[in-house]
């Protein structure tokens, strides 16, 4: 009731002063920036307090039983975190920043901000207990939730509310790393997905105010103190190319390890609150062998920059241990960020690479820590697929411009390699696994989200270049196609034979014994299975052709299929269905944000008890409300006389045992 009266008072105040759109958004951005900075500062103090309680309190007491007992600290921490997440936070659709991205793109910026204090406390306990997670994801969530909270209190439109959430994310990064410019790029490049002039002013203002508050209470020093590592010669650039080529696979492996471990823990039928404790046991045991892999890891980075601990075996051990422990920590249920661990991975990889290069090329007078700096940005860019954010963040965190050229070079190389090995970033993969694919932060042109590989015809009978023209004519008559690919004796694509080519040969009175290979078009225009239909359609329109051979990127002679204009109808149908799915997801996100309870999405299986029955005839669980039904491209508002069909997707609000009962009603009955 108090929250409602406060929001009404604020709304009346804005109406009384007839504030312009710019003035209202500016005032809200100032408020979000100030509270984001204060919230992240309190979060950092809570991390320090949790660390003292865990290791100076509990750890010191356990050490009397033996040094090995320090490994039990993450176990106890995991148990407390698991209980907080289970009873106070509840289940969430996405971990960390991915949830903010989905809310901005699909949910009008509405977040469940009331859960934020419990989530921040759990994240602080996770880091304090030694889990290998970072503080930046919780910091982003603090800022974004504050933006959503103020926007909802002020009853702002969806556009303004989204802007405040994005601005809050920028404020969170600015306060977490003392890096306001990187906060702006993070918010626009990752959370919003585009550089929007409408949101830019509020985002910049929030980041600045948050950073000013942080610097006022914590100082203006950069996150890391870095000695001078100048870029001496252009001969060093190929060495940074090698670092980028290594950083890309490490980033891709990092992404896959995170989600593979999440799947492993998710498939384990243990209570949710117990899983962080089990993950904590693994963290504690590995931490006995590699202590630098515990926690955020900034101390290890500082030592690397200072030229300490530059032992090749030790650096590689830190790299492996940090990768494994971060995956286990996140997968096991410890809330926290993936930014800081990727920085540690990059620093250890870069330093190890620098040690090897230093031994191979002693005349170049190379400093291994310089490669650690570049490696941090390269692995980060490969993991989050945000090169500008990585470059600017490292520049602001180190306050060093001298090595910016190799930094930019290695970042772009790492990004290209990582995207080749792993198409989705560490954030967008979480959304993609739930069926949500965002491009530039929103649902865009209908054919942009469909790839050639999804609709191309793979059952293709090609012509051979040795076939006579009579065979080609017979093939055209039988298939009723106007063009067919031509292959050589080894099955490699060499051209395309069209009806126009055949007519031209017959009109000119050419020798009927001539072969397809002598007449076909060899100036090929092709498509690739991983490109969008929109891009392929533009290529077809430019040359006014009705079909494109689809080939492998790594082997342009290997024929995979054919894309024809007739296939575009099916592509459009798929795209419209996918758009309906995205809009259905948006309704689900909004419903969850408004209701504050669990929102379930359940597919009705063939043979389920509810198939063929009216909604009013089904014995639904008591604590369950059916919100919407998606059937193909249609989104239906349910009524009592709505007949349910197999394949329908129900979105329902359900709590506790009602969720399991709902699934039983929608699943096929076992005989």
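For residue 316, state whether it is over 26 Å from residue 427 (Cβ atoms), in contact (Cβ under 8 Å) with a residue 40 or more places away in the chain and surrounded by fewer than 19 Cβ atoms within 10 Å (Cβ to Cβ). Steps first, answer last, please.
Working: over 26 Å from residue 427 (Cβ atoms): yes; in contact (Cβ under 8 Å) with a residue 40 or more places away in the chain: no; surrounded by fewer than 19 Cβ atoms within 10 Å (Cβ to Cβ): yes.
For residue 316, the condition - over 26 Å from residue 427 (Cβ atoms), in contact (Cβ under 8 Å) with a residue 40 or more places away in the chain and surrounded by fewer than 19 Cβ atoms within 10 Å (Cβ to Cβ) - is not met.
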(request) Would you be able to say whether some residue in segment 149-157 is outside the structural domain of residue 337 (by TED's automatic domain parsing), within 24 Å of residue 383 (Cα to Cα) and either in contact (Cβ under 8 Å) with a residue 12 or more places away in the chain or part of a helix (DSSP H, G or I) (or both)? (result) no
(message) Go through (1) surrounded by fewer than 19 Cβ atoms within 10 Å (Cβ to Cβ); (2) at pLDDT below 90 for residue 188 and report which single condition fails.
(response) (1)
(request) Being out of contact with any helix residue (DSSP H, G or I) (no Cβ under 8 Å at 6 or more places or on another chain), within 19 Å of residue 157 (Cβ to Cβ), at pLDDT below 90 and in a helix (DSSP H, G or I) narrows it down to one of 12, 64, so name that one. (result) 12
(request) With respect to residue 223, determine if the residue is buried (at least 16 other Cβ atoms within 10 Å of the Cβ), closer than 30 Å to residue 105 by Cα and either in contact with a helix residue (DSSP H, G or I) (Cβ under 6 Å, 6 or more places away or on another chain) or modelled with pLDDT of 85 or more (or both). (result) no
(message) So the check is Cβ under 6 Å with 6+ separation or different chains; which pairs have a first residue in segment 170-184 that's at positive phi and a second one that's buried (at least 24 other Cβ atoms within 10 Å of the Cβ)?
(response) 178/214
(request) Could you tell me whether residue 515 is in the same structural domain as residue 461 (by TED's automatic domain parsing) and surrounded by 14 or more Cβ atoms within 10 Å (Cβ to Cβ)? (result) yes
(message) Looking at residue 616 and the list (1) surrounded by 14 or more Cβ atoms within 10 Å (Cβ to Cβ); (2) outside any loop (DSSP other than H, G, I, E, B), which single condition is not satisfied?
(response) (1)
(request) Could you tell me whether residue 269 is assigned by TED's automatic domain parsing to the domain that holds residue 338, over 27 Å from the mean Cα position of the chain (by Cα) and surrounded by fewer than 13 Cβ atoms within 10 Å (Cβ to Cβ)? (result) no
(request) Please enumerate the residues belonging to segment 68-116 that are over 22 Å from residue 145 (Cα atoms) and either free of Cβ contacts under 8 Å to residues at least 24 places away in the same chain or under 22 Å from the mean Cα position of the chain (by Cα) (or both). (result) 69
(request) Taking the options 324, 338, name whichever one is surrounded by fewer than 21 Cβ atoms within 10 Å (Cβ to Cβ) and not assigned by TED's automatic domain parsing to the domain that holds residue 75. (result) 324
(message) Can you report the number of residues in segment 395-419 which are at pLDDT below 90 and under 19 Å from residue 242 (Cβ atoms)?
(response) 5
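Yes or no, residue by residue, for (1) at pLDDT 95 or above; (2) farther than 25 Å from residue 138 by Cα; (3) assigned by TED's automatic domain parsing to the domain that holds residue 121:
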site	(1), (2), (3)
293	no, no, no
306	no, yes, no
315	no, yes, no
331	no, no, no
334	no, no, no
349	yes, yes, no
(request) Select, from 590, 557, 543, the only residue that is at pLDDT below 65 and either over 14 Å from residue 451 (Cα atoms) or crowded, with 17+ Cβ neighbours inside 10 Å (or both). (result) 590
(request) Could you grab the pairs with beta carbons closer than 6 Å, sequence gap of 6+ or different chains, first residue in segment 495-507 and over 25 Å from residue 556 (Cβ atoms), second one at pLDDT below 80 and surrounded by fewer than 19 Cβ atoms within 10 Å (Cβ to Cβ)? (result) none
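The values are calculated or read from the model by the stated rules, or taken from the named source; none is laboratory data. Just so you know, these numbers come straight off a predicted model, no measurement behind them. Neighbour counts are summed over all protein chains in view; Cβ atoms, including those assigned to glycine, are modelled from backbone coordinates with ideal geometry.
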